[in-house]
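The structure appears right after this line, and notes come after that.
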Amino acid sequence: MSEGTEATGQEYWDTRYRESERIWSGEPNAALVAEAADLAPGRALDLGCGEGADAVWLARRGWRVTAVDISAVALERAAEHAAEAGVADRIDFQRHDLAQSFPEGGFALVAALFLHSRGDMPRERILRTAAAHVVSGGTLLIVGHAGHATWEHDHDQDVRLPEAAEVLESLQADPGEWEVLLSQERRRDHASPGGHHADTIVKLRRR
Ligand SMILES: C[S@@+](CC[C@H](N)C(=O)[O-])C[C@H]1O[C@@H](n2cnc3c(N)ncnc32)[C@H](O)[C@@H]1O
């Protein structure tokens, strides 16, 4: 890539993943564990699945998971993780730039866990599309970082991190169709490996 040329989303994320053997902890996100542990397993969609720890956790609990990421490098690692965990047959990994294409079908759980990206990823539009893929009685769970961590590179500060109320508003969810279960900031007991101390959590149930 020549200087001054902006990497595409896939180039950026493939490069970032290749920088180290693993960039996330390998553990499921605490907010997913807290919010999905009591849900009856069905079909789940994990948007921006990264290295697959959340998809593997869901599959181990009996969910059939479609796990999506823009990065082929991340998906390859996630598939390895699923195979090691013995749940490869319960996870369908699909590469999508969610700004361009989306998996088909309806899901009892659609989760977007830290679906943050540099560049022009249309996060609000993607989350509205995500909502449209939740079946009646299903759950939409959106978790994000509440503010930047001090260690972050300058370029990470370009990523906009909306408050829970903004995320909720941008969904334009019809109250006749959706019950809002959570819209809050939640501090963590321990900072994540990335140094973040709090999450924004938005959780809705489709009536
Ligand atoms: C901050 S990471 C979070 C990864 C994972 N959900 C987790 O919590 O560990 C954001 C993920 O979104 C993916 N991503 C970024 N832009 C995307 C897009 N347009 N379509 C699909 N995935 C995207 C990245 O490749 C990356 O894996």
Looking only at residues in the range 140-164 that are at pLDDT below 75 and touching a Gly at 6+ places or on another chain (Cβ under 7 Å), which one is surrounded by the fewest Cβ atoms within 10 Å (Cβ to Cβ)? T150
Could you tell me which of the residues D97, D120, D92 is in contact (Cβ under 8 Å) with a residue 24 or more places away in the chain and farther than 23 Å from A31 by Cα? D97
Go through the range 117-139 and give me each residue that's on the phi < 0 side of the Ramachandran plot, part of a loop (DSSP other than H, G, I, E, B) and open to solvent by 30 Å² or more (accessible area, probe 1.4 Å). R118, D120, M121, P122, H133
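Inspect all residues belonging to the range 89-106 and state whether any of them is open to solvent by 60 Å² or more (accessible area, probe 1.4 Å), within 11 Å of the ligand (Cβ to nearest atom) and of a type in the set (K, R).
The answer is yes; a qualifying residue exists.
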Here are the criteria: (1) surrounded by fewer than 16 Cβ atoms within 10 Å (Cβ to Cβ); (2) under 23 Å from D97 (Cα atoms); (3) within 12 Å of the ligand (Cβ to nearest atom). Tell me which single one E19 does not satisfy. (3)
Out of (1) farther than 29 Å from G62 by Cα; (2) modelled with pLDDT under 90, the one R188 does not meet is (1)
Please find, among E35, E27, the residue that is within 11 Å of the ligand (Cβ to nearest atom), under 26 Å from P162 (Cβ atoms), over 13 Å from the mean Cα position of the chain (by Cα) and acidic (D, E). E27
Restricting attention to the range 42-60, which residues are more than 14 Å from the ligand (Cβ to nearest atom) and in contact with a helix residue (DSSP H, G or I) (Cβ under 8 Å, 6 or more places away or on another chain)? A59
Inspect the range 192-200 for any residue being modelled with pLDDT of 95 or more and either open to solvent by 50 Å² or more (accessible area, probe 1.4 Å) or over 17 Å from the mean Cα position of the chain (by Cα) (or both) and give the result as yes or no. no
Within the range 45-72, which residues are crowded, with 17+ Cβ neighbours inside 10 Å, of a type in the set (A, V, I, L, M) and closer than 22 Å to S117 by Cα? L45, L47, A53, A55, A67, V68, I70
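The values are calculated or read from the model by the stated rules, or taken from the named source; none is laboratory data. Here the structure is a predicted model, which means the values were calculated and not measured. All Cβ positions, even for glycine, are placed from backbone atoms using ideal geometry, and neighbour counts span all protein chains on display. Areas reflect the complete protein model, heavy atoms only, side chains present, ligands, DNA and RNA absent. Shrake-Rupley method; radii C 1.70, N 1.55, O 1.52, S 1.80 Å.
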